[in-house]
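Asker: A single structure is presented below for examination.
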Amino acid sequence: MTSTLLTGIGELVTSAPDGSEVPDVIEQAALVIEGSRIAWVGRALDAPDADERVDLGGRTVLPGFVDSHSHLVFAGDRAAEFAARMAGEPYAAGGIRTTVAATRAATDEQLTAHVARLVQEMRRQGTTTVEIKSGYGLTTRDEARSLAIARQFTEETTFLGAHVVPEGDPAAYVELVTGPMLDAAAPYARWIDVFCETGAFDADQARTILAAGAAHGLLPRLHANQLGHGPGVRLAAELGLLAVDHCTYLDEADVDALRDSGTIATLLPGVEFSTRQPYPDARRLLDAGVRVALASDCNPGSSFTSSLPFCIALAVREMGLTPLEAVRAATATGAAALGRDDVGTLAPGKRADLVVVDAPSHVHLAYRPGVPLIAQTWVGGRL
Ligand code: NIG
Ligand code: FE
């Protein structure tokens, strides 16, 4: 197995938890990769020998970003809807049906090529692990093929047949989602998700759908409290979910419930940017003892960004996180939101997924928004 020493690291952010052997930030650092794993991290002065040596010239190294929430399998374009919103129209979840029609009409090859392009775009911006949902097919055939396509790119695939009711009777649609559609989707999915929101699915329907998924071995997660206050976040806490996503509208009882259950609040600031909604108060959540993750929610309607550096900048500017907290939210806590401990931190034994930032510190990700600072992305020890 070849070992590679990355040295000349001006600042190494490990995102390691407090109290672990590895500090969360190391200056004048080095790191050794052996095969696909990290073998050593520490101060450059103390670095062991390795077969190869790469000098990073004072640049910053971070864990690769873990984007725990995206909807990359789709066709069509909703730029006109975005432009109308910027001119004052409100965001409406009904726009999802526009994408459903385009997705159903696309070929497998077209959908696969589009996902490949978006995943490549993410890689260039430092994302090394991505979760991908279905949810723009909403027939048994189209959900199963969406997940089969997503599976070609990631193990972290999520069945979101319960995105909206595409047409017809809601009760009949829930029967379909929990019956034949789930049977066809489950072999390609690790997770099951429900959009629990007024106009999509209520708490009882969400409960039924997540339970059906669990009976097929799928792990539950939820979209909740995106467009207004509602029962979704408290349901996620009651069910002890690993993570609940959006959390834009939270009252005190929601925050207390998240703290008590340990459920991670995954915040998606690209959505607030693109829908002109108020940003969630990440500071309030962290101060209350709730863990916070950041993800892109990359999708054609509410957040068509693939960039976690952009989300980090928004979280710092608009949501009260320090730059270091925002990096942790997009790395270690994103990994935790997917139940993963092999990625999201840089410590011996972890997968060698990391990014080299062309800047003297991680602060530049927020200080220089919109600038392409990600110089290198390493996945499993390979550049
Ligand atoms: O996460 N909330 C539901 N689904 C997507 C939006 C989908 C769309 O508008 O196409 C989201 O924001
Ligand atoms: Fe989403």
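The values are calculated or read from the model by the stated rules, or taken from the named source; none is laboratory data. Note that the coordinates shown come from a computational prediction; the quantities given were computed from them, not determined experimentally. Note: ideal-geometry Cβ built from the backbone for every residue, glycine included; neighbour counts use all protein chains shown. Accessible surface is based on the protein model in full, side chains and every heavy atom, while ligands, DNA and RNA are left aside. Shrake-Rupley method; radii C 1.70, N 1.55, O 1.52, S 1.80 Å.
Asker: I need a count of the residues in the stretch 201-233 that are within 15 Å of ligand 2 (Cβ to nearest atom) and assigned to a loop (DSSP other than H, G, I, E, B).
Answerer: 3
Asker: Being more than 16 Å from ligand 1 (Cβ to nearest atom) and under 18 Å from GLY228 (Cα atoms) is the filter here, so list the residues in the stretch 285-313 that pass it.
Answerer: Answer for the stretch 285-313, where residues must be more than 16 Å from ligand 1 (Cβ to nearest atom) and under 18 Å from GLY228 (Cα atoms): just LEU285.
Asker: Further question on the same structure: Test each condition in (1) open to solvent by 20 Å² or more (accessible area, probe 1.4 Å); (2) away from ligand 2 (no atom under 14 Å from the Cβ); (3) not β-branched (Val, Ile, Thr) for ALA237 and report the one that comes out false.
Answerer: (1)
Asker: Same structure again: Looking at the stretch 261-276, which of the residues that are away from ligand 2 (no atom under 16 Å from the Cβ) and more than 16 Å from PRO231 (Cα to Cα) is surrounded by the fewest Cβ atoms within 10 Å (Cβ to Cβ)? It would help to see each step written out before you state the result.
Answerer: Pass one, the stretch 261-276, residues away from ligand 2 (no atom under 16 Å from the Cβ): 261-263, 276.
Filter once more, keeping what is more than 16 Å from PRO231 (Cα to Cα): 262, 276.
On the way: GLY262: 14, ARG276: 12.
Here the residue is ARG276.
Asker: For the stretch 152-165, give me the residue count where each residue is crowded, with 22+ Cβ neighbours inside 10 Å and closer than 15 Å to THR112 by Cβ.
Answerer: Total meeting the criteria: 1.
Asker: Residues of the stretch 234-254 being part of a helix (DSSP H, G or I) and farther than 21 Å from ALA330 by Cβ, which ones?
Answerer: Residues of the stretch 234-254 part of a helix (DSSP H, G or I): 234-238, 252-254.
If the condition is that a residue be part of a helix (DSSP H, G or I) and farther than 21 Å from ALA330 by Cβ, then ARG234, LEU235, ALA237, GLU238, GLU252, ALA253, ASP254 are the ones that fit.
Asker: Could you look through the stretch 243-260, keep only residues that are within 16 Å of ligand 2 (Cβ to nearest atom) and at negative phi, and pick out the one that is most open to solvent (accessible area, probe 1.4 Å)?
Answerer: Residues of the stretch 243-260 within 16 Å of ligand 2 (Cβ to nearest atom): 243-249.
If we keep only those that are at negative phi too, we end up with 243-245, 248-249.
Values: ALA243: 1, VAL244: 0, ASP245: 1, THR248: 17, TYR249: 56 Å².
Looking at residues that are within 16 Å of ligand 2 (Cβ to nearest atom) and at negative phi, I get TYR249.
Asker: So is GLY168 open to solvent by 20 Å² or more (accessible area, probe 1.4 Å), modelled with pLDDT of 95 or more, assigned to a loop (DSSP other than H, G, I, E, B) and farther than 26 Å from ALA315 by Cβ or not? Break it down into steps so the answer makes sense when it comes.
Answerer: On the way: open to solvent by 20 Å² or more (accessible area, probe 1.4 Å): yes; modelled with pLDDT of 95 or more: yes; assigned to a loop (DSSP other than H, G, I, E, B): yes; farther than 26 Å from ALA315 by Cβ: yes.
Yes, satisfied.
Asker: Sort out for me the helices (runs of 4 or more DSSP H) sitting completely within the stretch 76-151 that have 1 or more residues that are away from ligand 1 (no atom under 16 Å from the Cβ) and either open to solvent by less than 50 Å² (accessible area, probe 1.4 Å) or among the polar types (S, T, N, Q) (or both). Break it down into steps so the answer makes sense when it comes.
Answerer: On the way: elements: 79-86, 96-105, 108-124, 140-151.
Because the criterion is at least 1 residues that are away from ligand 1 (no atom under 16 Å from the Cβ) and either open to solvent by less than 50 Å² (accessible area, probe 1.4 Å) or among the polar types (S, T, N, Q) (or both), the helices (runs of 4 or more DSSP H) in the stretch 76-151 that meet it are 108-124, 140-151.
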